[in-house]
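Here, each number is a calculation from the coordinates, and none is a lab measurement. Keep in mind that what you see is a predicted model, and the values were worked out from it rather than measured. Virtual Cβ from ideal backbone geometry, glycine too; neighbours counted across all protein chains shown.
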Amino acid sequence: MNSQTNRQLTLNGGLSLETLVEQKLNSAMQGIEKLEQGDLYNLVLAQVERPLIRCVLENTGGNQLRAADILGLNRNTLRKKIRELEIELPQKT
């Protein structure tokens, strides 16, 4: 494992992003039996991926090359995800 694998994103208040996500997922599991078989994984990924990409794009002034580097994605993969997730691009600054 490299140092990036062990690094956790810590938010204000000292909570790790992982802890916060787990807490939210546990509270969201109310009514889980109503979901179709196989829906949960893709549903959660889409709801996390969309705001992640939006935030990185906003913080890079809409620079897709820089955003792809930060996310660890190929630029073309990022562009594909932007289309698939219907993400509006921020105005470049």
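Tell me which trypsin sites (Lys or Arg not before Pro) from segment 18-93 have a DSSP coil assignment and no more than 10 other beta carbons within 10 Å of their own.
When the trypsin sites (Lys or Arg not before Pro) of segment 18-93 are filtered for loop state and at most 10 Cβ neighbours within 10 Å, LYS92 remain.
Run the reach check for LYS81 against aspartates and glutamates, Cα to Cα strictly under 18 Å, same-chain hits fewer than 8 apart removed. What comes back?
Straight-distance partners of LYS81: GLU49, GLU58, ASP69.
GluC sites (Glu not before Pro) within segment 21-74: which are DSSP loop residues with at most 10 other Cβ atoms inside 10 Å?
Hits after loop and neighbour filter: GLU36.
Work through the residues other than LEU85 whose Cβ is under 13 Å from its Cβ and net out their charges, Lys, Arg +1 and Asp, Glu -1.
Details: positive: ARG50, ARG54, ARG79, LYS80, LYS81, ARG83; negative: GLU49, GLU84, GLU86, GLU88.
Here the count lands on +2.
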